[in-house]
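Structure provided below as structure tokens; questions to follow.
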Amino acid sequence: MPTFIVEYQSTGGGLRSRGDEYKAAQNARKEYRKSLAGRIVLAGPKFETTADSESVSSIMIIEADDIDSAREIAAKDPYYEIGEFSGFTVNEIALTSFNSGFALSN
């Protein structure tokens, strides 16, 4: 199955500062990602410089049948649907190596 990288562009809208709206969006996003079980290879925020700095976008590497399916998956992200992301790009990629010692961060 082809692999795609999705990069969302942040609006800088400060969703985290919007209390209950942030919690609802975060929960919706977790559930959405659970529904993609087996398709998400990797996902997370992209920071301006380090993890202590402002998040400037978000990336997701997914497996999809084709680029149109990957775009459909990207467009259904709850953060995109509520306007936290202003847009996204989708590009097919070829994964050629993997760090077998990789561990998820908290």
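Taking into account only those residues within region 72-83 that are more than 12 Å from the chain's Cα centre (by Cα) and on the phi < 0 side of the Ramachandran plot, which is modelled with the highest pLDDT?
So the first thing to find is which residues in region 72-83 are more than 12 Å from the chain's Cα centre (by Cα), and the list is 72, 81-83.
If we keep only those that are on the phi < 0 side of the Ramachandran plot too, we end up with 72, 81-82.
Values: GLU72: 97, GLU81: 87, ILE82: 82.
This residue is GLU72.
Same structure, new question: Counting only residues that are modelled with pLDDT under 95 and either among the aromatic types (Phe, Trp, Tyr) or closer than 20 Å to THR11 by Cβ (or both), which one in region 84-105 is surrounded by the fewest Cβ atoms within 10 Å (Cβ to Cβ)?
PHE102
OK, next. Criterion first (touching a Leu at 6+ places or on another chain (Cβ under 7 Å), in contact (Cβ under 8 Å) with a residue 40 or more places away in the chain and of a type outside the set (Val, Ile, Thr)) does GLU84 satisfy it?
On the way: touching a Leu at 6+ places or on another chain (Cβ under 7 Å): yes; in contact (Cβ under 8 Å) with a residue 40 or more places away in the chain: yes; of a type outside the set (Val, Ile, Thr): yes.
Yes; evaluated as a whole, the condition is true for this residue.
Show me the strands (runs of 3 or more DSSP E) entirely contained within region 1-80 in which 2 or more residues are exposed (fewer than 14 other Cβ atoms within 10 Å of the Cβ). Outline the logic, then answer.
Values: elements: 3-10, 40-47, 55-63.
Those strands (runs of 3 or more DSSP E) span 40-47.
Return the residues of region 81-96 that are of a type outside the set (Gly, Ala, Ser) and part of a strand (DSSP E or B); say none if nothing qualifies.
Result: PHE85, PHE88, THR89, VAL90, ASN91, GLU92, ILE93.
The values are calculated or read from the model by the stated rules, or taken from the named source; none is laboratory data. Keep in mind that this is a model prediction, so the values were computed, not measured. Cβ sites come from the backbone with ideal geometry, for glycine too, and all protein chains shown count toward neighbours.
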